[in-house]
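**Q** One structure is given below, represented as structure tokens, and several questions about it will come after.
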């Protein structure tokens, strides 16, 4: 039997369950909340009373909980053959060093979801020509507010950082150009612009700089602008659609999980660089 365990029942867990609802990837899906286990069947969850008899059939686990619980969950559920965990992976380098010892020979994927997007190879190919001066990474979701000041940046930074590291293998010097904190009903949202300075080009990370929901990468060239929409899985050149993928990020993500495939973003050196860079930015944002 091929059982899949999802830990957590929040927004991202439900997104994955919605995708899996009409797929036949697993024989059965089990959800773990804080206190109970449930079967997921036909869009409904059914409480499980005796989990001990089922545990032996679980081959893979997907940790979809807040980052503060990631370290403890990774230690507790390390016995399964395959493990997936949502980004941000871990809070501190010290936590990663301990988890690396446990998972060094195990199959572990950190879900930097945009790296699994079907457009990723087209972006990589376009960048290989080196005929660009600027790249912009746009992520906006203005209506979402958080209980803590740094929570927005903590949740969103790994998306653009993972893409920069995936394509260019390093992080050069950066500058915080804009850092605006908005407060509403004791909740927080931020507008952030970060400039990265490579030798022949710059990369701008823009978080919450648009009134509309955005998730895209733009390559600015002399005669055109290429826009890769991660939500729509489409590629535009000067606003003209060039390509529309029939697949999405979830298709590629679960393909990697099933076939135990890894790409260059799935190693502990990569994860460590993300954690160190993210914490460097969070510290800088907090001091401004």
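The values are calculated or read from the model by the stated rules, or taken from the named source; none is laboratory data. The shown structure was predicted, so the numbers you read here are calculated from the model rather than taken from an experiment. Please note: Cβ atoms are built from the backbone with ideal geometry, for glycine as well, and neighbour counts cover all protein chains shown.
**Q** Which one of these does residue 243 not meet: (1) farther than 17 Å from residue 167 by Cβ; (2) out of contact with any helix residue (DSSP H, G or I) (no Cβ under 9 Å at 6 or more places or on another chain); (3) assigned to a strand (DSSP E or B)?
**A** Residue 243 satisfies all of (1) farther than 17 Å from residue 167 by Cβ; (2) out of contact with any helix residue (DSSP H, G or I) (no Cβ under 9 Å at 6 or more places or on another chain); (3) assigned to a strand (DSSP E or B) except (2).
**Q** Being under 17 Å from residue 275 (Cα atoms) and surrounded by 14 or more Cβ atoms within 10 Å (Cβ to Cβ) is the filter; apply it to the stretch 168-195 and report the residue that is farthest from the chain's Cα centre (by Cα). Working first, answer last.
**A** Residues of the stretch 168-195 that are under 17 Å from residue 275 (Cα atoms), as a first pass: 168-174, 194.
Filter again for surrounded by 14 or more Cβ atoms within 10 Å (Cβ to Cβ), leaving 168, 171, 174, 194.
Values: 168: 18, 171: 18, 174: 21, 194: 19 Å.
By that ranking, first place goes to 174.
Rundown of residues vs (1) within 30 Å of residue 200 (Cα to Cα); (2) touching a residue at least 40 places away in the same chain (Cβ under 8 Å), yes/no style:
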residue	(1), (2)
28	no, no
32	no, no
41	no, no
109	no, yes
112	yes, yes
137	yes, yes
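**Q** Going by what's in this entry, would residue 37 be described as under 21 Å from the mean Cα position of the chain (by Cα) and in the same structural domain as residue 82 (by TED's automatic domain parsing)? Break it down stepwise before answering.
**A** On the way: under 21 Å from the mean Cα position of the chain (by Cα): no; in the same structural domain as residue 82 (by TED's automatic domain parsing): yes.
Taking the combined requirement at face value, the residue does not satisfy it.
**Q** Answer with yes or no whether residue 208 is under 20 Å from the mean Cα position of the chain (by Cα), surrounded by 16 or more Cβ atoms within 10 Å (Cβ to Cβ) and on the phi > 0 side of the Ramachandran plot.
**A** Working: under 20 Å from the mean Cα position of the chain (by Cα): yes; surrounded by 16 or more Cβ atoms within 10 Å (Cβ to Cβ): yes; on the phi > 0 side of the Ramachandran plot: yes.
Here the answer is yes, as residue 208 does meet what is asked.
**Q** Within the stretch 143-158, does at least one residue satisfy the condition of being under 20 Å from residue 263 (Cα atoms) and either assigned to a helix (DSSP H, G or I) or at pLDDT below 95 (or both)?
**A** Yes, there is a match, as at least one residue in the stretch 143-158 is under 20 Å from residue 263 (Cα atoms) and either assigned to a helix (DSSP H, G or I) or at pLDDT below 95 (or both).
**Q** Something else about it: Can you name every residue in the stretch 44-75 that is part of a helix (DSSP H, G or I), at pLDDT below 95 and either closer than 22 Å to residue 258 by Cα or in contact with a strand residue (DSSP E or B) (Cβ under 9 Å, 6 or more places away or on another chain) (or both)?
**A** Within the stretch 44-75, 54, 55 qualify.
**Q** Restricting the search to the stretch 25-43, which residues are in a loop (DSSP other than H, G, I, E, B) and surrounded by fewer than 14 Cβ atoms within 10 Å (Cβ to Cβ)? Steps first, answer last, please.
**A** Of the stretch 25-43, the ones in a loop (DSSP other than H, G, I, E, B) are 25-27, 33-36, 42-43.
Within the stretch 25-43, 27, 34, 35, 36, 42, 43 meet the criteria.
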